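To start, the structure itself, in structure tokens.
The values are calculated or read from the model by the stated rules, or taken from the named source; none is laboratory data. Owing to the predicted nature of the structure, the values given are computational and were not obtained by experimental measurement. Here the Cβ positions follow ideal geometry from the backbone for every residue, glycine too, while neighbour counts run over all protein chains shown. Accessible surface is based on the protein model in full, side chains and every heavy atom, while ligands, DNA and RNA are left aside. Shrake-Rupley method; radii C 1.70, N 1.55, O 1.52, S 1.80 Å.
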Amino acid sequence: MIVEKINTPVTKECDVLVCGGGFAGISASLAAARQGKKVILLEKMFMLGGLATAGIVTIYLPLCDGLGRQVSFGIAEELLHLSIKMGAEDKYPENWLDNIGSKTDNDKRFEVQFNPQLFAILSEQLLLSEGVEILYGSYAVATDINEQRINAVIIENKSGRQAIKATTVIDATGDCDIANFSGVTCECFKQGNVLAAWYYSTGEDGYKLNMLGFCDIPDDQKGENYSQTHLVNRRFTGLDGEELSDMTQLSHASILNDIIKKRKIDENIFPTTIATTPQIRMTRKIVGEYTLHDTEQHKYFEDSIGMVSDWRKRGPVYEVPFRTLYSSEMKNLIVAGRCTSVTDSMWDIMRVIPCCAVTGEAAGVAASITDDFSQTDIVMLQDILRQNGVILHENEL
Ligand SMILES: Cc1cc2nc3c(=O)[nH]c(=O)nc-3n(C[C@H](O)[C@H](O)[C@H](O)COP(=O)(O)OP(=O)(O)OC[C@H]3O[C@@H](n4cnc5c(N)ncnc54)[C@H](O)[C@@H]3O)c2cc1C
């Protein structure tokens, strides 16, 4: 049943509209703004960082392969430095000082833990200094399509319902919301997500990250004798409003239980920060022009836009094909972050912070050089990425 039809005013126009201000959206906005484009970054929360800040997921997983080689560069590395700026610089792993990864000291991977609030503020400052217009509290709820192009993204915020027109649109919502609204073929995470309840506390151990609900391994990687205890015996798609609300309440109850349990040992323990966005790992991804598989490690891709490693084990390196970021079904739409085109088993590798930054940067550059992603000048895209310090192929390391 349709209740009423609303005429939606166009309130803004830009070259590149980035939907979602997590690591992917931050990277994409930076990259596009640095190409001289007018960029608007739309974010439903009132802070940047997405899962990494509002979701309290504050471990910047490795930029290296675990064998002494850095594989992710450019904005992925820039944001790692930003995340430990202002007092946490000593968290920089010593063996990675001056970018010299030493094979003899490879037990420490090139990763850091950071403060979520500080990162949210510092990344906001950075984007503002690059001329990005940030629009907080604004939910993308629909798209206006014309001849396989997104003409405008419909948003809702305190001012009501409006439309933003853009030449290119980057879907960095983590959930492929924009692709889904636009009718682009997407796939959901069949296995479903386990409950997570990460939170910070203060007590005898100081300021501490409590990681309740550690991640689950993909179904096709579970051996016969696999068993793991989860917080609750239920799985979540992350794509249903009511389910997300239930999930959040279960997550809060798990934190309370944990605090009550820990109070028996430390009577002064208190939660200090709980997530203000649902802690959901994998939801919906685009079916792009190429789908990257976890068996494609060390494979050369002509259209690589950068490399990522496997945060779970040492050794694997993946070149990321540009074709995993778009579908020819929608000409001016590109995706970045945890909703790119990968298999379910590759998803667990690609969904983490450094990979989101790698795809974000490439999407941002691409969105500033073309308005039809199937027709992108790959050489030009790669040249700009190289100028930005990105190494594209494993044989160039
Ligand atoms: C429990 C848990 C633990 C994790 N642990 C780690 C870890 O230790 N290290 C690591 O590197 N990664 C970890 N991850 C994964 C990682 O944090 C995320 O996958 C990554 O940060 C995703 O970045 P993103 O920018 O693609 O998406 P998100 O961070 O989800 O950002 C998407 C942004 O878009 C906004 N948005 C969504 N929909 C809309 C809309 N319709 N309109 C407007 N705005 C919208 C959201 O508010 C959000 O800010 C973990 C994830 C979870 C859930």
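Rounded to the nearest percent, how much of the accessible area of the chain (1.4 Å probe, protein heavy atoms only) is carbon and sulfur? In the chain, the share of accessible area belonging to carbon and sulfur is 50 percent. Taking other residues whose beta carbon is less than 15 angstrom from the beta carbon of Leu118, and scoring Lys, Arg as +1 and Asp, Glu as -1, yields -1. Across the chain, Cα pairs under 8 Å and at least six residues apart give a relative contact order of 23 percent. Could you compute how fast the chain diffuses translationally, taking Rh as the Kirkwood radius over C-alpha pairs and applying Stokes-Einstein at 10 °C with viscosity 1.306 mPa s? Give it in µm² per second. The Stokes-Einstein estimate is 74 µm²/s.
Extending 7 Å from the Cα toward the beta-carbon at both Asn395 and Gln117 defines two label points whose distance is 5.1 nm.
Order these peptides, 131-138, 234-241, by their mean beta-carbon neighbour count within 10 angstrom, highest first.
So the peptides 131-138, 234-241, ranked by packing, come out 131-138, 234-241.
Taking 20 Å as the cut-off, the amide N atoms of region 349-364 that come nearer than this to a point 7 Å along the Cα-to-beta-carbon line of Asp220 belong to 349-352.
Charged side chains reduced to their Cβ positions (Lys and Arg at +1, Asp and Glu at -1) give the chain a dipole of some 720 debye around its Cα centre.
A simple rule links phi to the HN-Hα coupling: the Karplus curve 6.51 cos²θ - 1.76 cosθ + 1.60 with θ = phi - 60°, which for region 351-364 gives 7, 8, 3, x, 5, 5, 5, 4, 6, x, 4, 5, 5, x Hz, with x for Gly and Pro. Of the GluC sites (Glu not before Pro) in region 242-271, the ones in a loop by DSSP (not H, G, I, E or B) with at most 10 other beta carbons within 10 Å are Glu267. The residues of the chain expose, per residue, 43 Å² of accessible area to a 1.4 Å probe.
Couplings for region 8-14, taken from phi via the Karplus curve 6.51 cos²θ - 1.76 cosθ + 1.60 with θ = phi - 60°, read 9, x, 7, 9, 8, 9, 7 Hz in order; Gly and Pro are left as x. In plain terms, the chain from Asn257 to Phe270 could stretch by 3.5 nm, reckoned as 0.36 nm per residue minus the Cα-Cα distance. Entry note, the chain: the mean residue ellipticity at 222 nm calculated from DSSP H runs of n ≥ 4, each adding -39500 (n - 2.57), is -7500 deg cm²/dmol after division by the residues and rounding to the nearest 500. Using the alpha-carbon positions of region 1-90, Rg (one decimal) and Dmax (whole number) come out as 17.6, 60 Å. When the trypsin sites (Lys or Arg not before Pro) in region 1-79 are filtered for DSSP coil states and for at most 12 other beta-carbon atoms within 10 Å of their beta-carbon, the remaining sites are Lys5.
Of the trypsin sites (Lys or Arg not before Pro) in region 161-214, the ones in a loop by DSSP (not H, G, I, E or B) with at most 15 other beta carbons within 10 Å are Lys190.
With the whole protein complex present, Ile145 retains an accessible surface near 70 Å², based on a 1.4 Å probe.
Taking other residues whose beta carbon is less than 12 angstrom from the beta carbon of Leu127, and scoring Lys, Arg as +1 and Asp, Glu as -1, yields -3. If you take the square roots of the eigenvalues of the alpha-carbon gyration tensor of region 197-274 and sort them as a ≥ b ≥ c, do you get rounded (a/c under 1.5), prolate (a/b over b/c) or oblate? Oblate, because a/c is 1.5 or more while a/b does not exceed b/c.
Is the shape of region 133-289 rounded, prolate or oblate, going by the alpha carbon gyration tensor and its root eigenvalues a ≥ b ≥ c, with a/c under 1.5 for rounded and a/b larger than b/c for prolate? The partial results should precede the final answer.
Working: a/c = 3.05, a/b = 1.63, b/c = 1.87.
Verdict is oblate for region 133-289.
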